[in-house]
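The values are calculated or read from the model by the stated rules, or taken from the named source; none is laboratory data. Quick caveat: nothing in here was measured; it's all calculated off a predicted structure. Every residue, glycine as well, gets a Cβ built from its backbone with ideal geometry; the counts of neighbours run over all protein chains shown. Ligands, DNA and RNA are stripped out before the accessible areas are found, and what is left, the full protein with its side chains, is counted by its heavy atoms. Shrake-Rupley method; radii C 1.70, N 1.55, O 1.52, S 1.80 Å.
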Amino acid sequence: MARLKKDDSMDTVSVRLPKEMVKEIDSYVESLKGDMPLLNISRADGVRQLLANALKAELLAVKKKSTQKK
């Protein structure tokens, strides 16, 4: 998991999440920290990684569905 370069711009997105989901995100971040102890991984890094993984999976699923219809 690489952080964006300082040159890359990012938008701020604020969301309200259920406490249980925040706990799951924090648990995910802790597991990443255990896997990569030399990196300083924040909750925001974890959320970005989870979103990137979910978007990639969703785009692949949509692509797969569209190719199956042909």
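So the values come out like this:
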{"item": "Largest to smallest accessible area among 21, 36 [probe 1.4 Å]", "result": "21, 36"}
{"item": "Burial ranking of peptide ranges 56-62, 27-33 (average Cβ count within 10 Å, highest at the top)", "result": "27-33, 56-62"}
{"item": "Cα-based helix-to-principal-axis angle, 19-35 vs the chain, degrees rounded to 10", "result": "80"}
{"item": "Listed candidates (1) 3, 16, 26, 24, 17, 10, 4, 1; (2) 3, 13, 18, 20, 17, 13, 8, 6, 2, 0; (3) 3, 17, 31, 24, 14, 8, 3, 0 - label of the one calculated as P(r) over Cα pairs in 5 Å bins from 0, in percent", "result": "(2)"}
{"item": "Heavy-atom accessible area per residue - the chain, 1.4 Å, Å²", "result": "94"}
